[in-house]
Amino acid sequence: MVLDALTYAGNMANLELAQGHPQWRFVHGDIGDTALVERLLREERIDTIVHLAAESHVDRSIEGPDAFIQTNVIGTHSMLKAARRVWLGEKLVAHRFHHVSTDEVYGSLAPEEPAFTESTPYAPNSPYSASKAASDHLVRAYHHTYGLQTTISNCSNNYGPYQFPEKLIPLMIAQLLAGKSLPVYGDGRNIRDWLHVEDHCRGIDAVLKLGKAGEVYNIGGRSECENIHLVRTLCTIVDEQLTSKKELCARYPNSATARGEASEGLVRFVKDRPGHDRRYAIDSAKIERDCDFRPQIALEAGLRATVAWYLERAETLQTGWQRTLAG
């Protein structure tokens, strides 16, 4: 069984599909509560942890890094301690602690530099990426020191359904539907590799099934894109989808499309954030070779599906958006 540690489950509506499944139980707790994690490992006879829980927004880590240290470093250590006590203490030979991390731990790339590999030296540039780097090192140490069977995956930028609205893509969609400005940092030419959440899940599953304990695997989408190009693509998709369905224009009357204007006119370049990494790029050759994984969802197709998903559900997410935009 798998203990799936989620910090993004604040909206219980996002868990509706899992409710009623015989292998699923929601526990309202804190990963920092080591005793609770130990109890759940024993009660449910869990032998696999996929550790996803993290504070993950760079802007918030700059404004208030304490929560990132608490969750990403102390919280990860709590999970590792619980797993060690239960699995190694009870001599459970077959077990796995999989830690989900980020490509941001590797730092920033120049345009001509090769993509990150698993041997790229760590060079985190924000409190967020530094906290994730620290958690990666703890996971590695628990494998090499205690023999805990661990794996680590470092992924590129995720997108898709259910994403928290502080992230770039759902934030831009929210702004587009509200007819508000689209803030783009600096010149907008920072580059990110984009990975659809379903591809990410497939990658994690591949590592659990075929990955070797003690190893690190980069999971990328092979979809490098400048931020400004991504935002303009979202503008085009929203314009097309609202124009093709008049009921959507009626549902979102404040959108530029409903007013007969092009959404791209909402783009506004704003002052760059401190320490903004210029480029991330993932070399996924290792996971492709060792775990037979390749991303299946092309970026534009994934963006179109994501916009369509939010268009059908945006009203139910409006409260969360308003809270994020106000904050």
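The values are calculated or read from the model by the stated rules, or taken from the named source; none is laboratory data. Computed from a prediction, not measured in an experiment: that's the story for all the values here. Positions of Cβ are backbone-derived with ideal geometry, glycine not excepted, and every protein chain shown enters the neighbour counts. With ligands, DNA and RNA removed, areas are computed over all heavy atoms of the protein, side chains included. Shrake-Rupley method; radii C 1.70, N 1.55, O 1.52, S 1.80 Å.
Here is the link list: LYS132/LYS209; LYS167/LYS212; LYS246/LYS271; LYS91/LYS167; LYS132/LYS286. Which ones come out longer than 30 Å on Cα distance?
Long pairs (Cα-Cα over 30 Å): LYS167/LYS212; LYS246/LYS271; LYS91/LYS167.
Can you give me the distance in nm between label points at LEU36 and PHE269, each placed 7 Å from the Cα along the Cα-to-Cβ direction?
4.7
Stretched out fully, how many nm does the piece from CYS201 to LYS180 gain, at 0.36 nm a residue minus the Cα gap?
4.3 nm
Can you tell me the order of 173-181, 37-45 when each peptide is scored by its average per-residue count of other Cβ atoms within 10 angstrom, highest first?
173-181, 37-45
Under the 0.36 nm per residue contour assumption, what length would be gained going from the current alpha-carbon distance of ILE62 and PHE26 to full extension?
9.8 nm
Going 7 Å from the Cα of HIS137 in the Cα-to-Cβ direction, what parts of the stretch 86-123 have a backbone nitrogen less than 11 Å from that spot?
122-123
Ignoring ligands, DNA and RNA, what percent of the 1.4 Å accessible area of the chain is carbon and sulfur?
52
Would you mind working out the accessible area per residue for the stretch 110-161, using a 1.4 Å probe, and quoting it in Å²?
Per residue, the stretch 110-161 has an accessible area of 42 Å².
If you stretched the chain out fully between ARG189 and GLU90, how much longer would it get, using 0.36 nm times the residue separation minus the C-alpha to C-alpha distance?
Length gained, ARG189 through GLU90: 30.4 nm.
Please state the shape class of the stretch 258-314: rounded when a/c is under 1.5, otherwise prolate if a/b exceeds b/c and oblate if not, all from the C-alpha gyration tensor.
Judged from the Cα gyration tensor, the stretch 258-314 comes out oblate (a/c at least 1.5, b/c at or above a/b).
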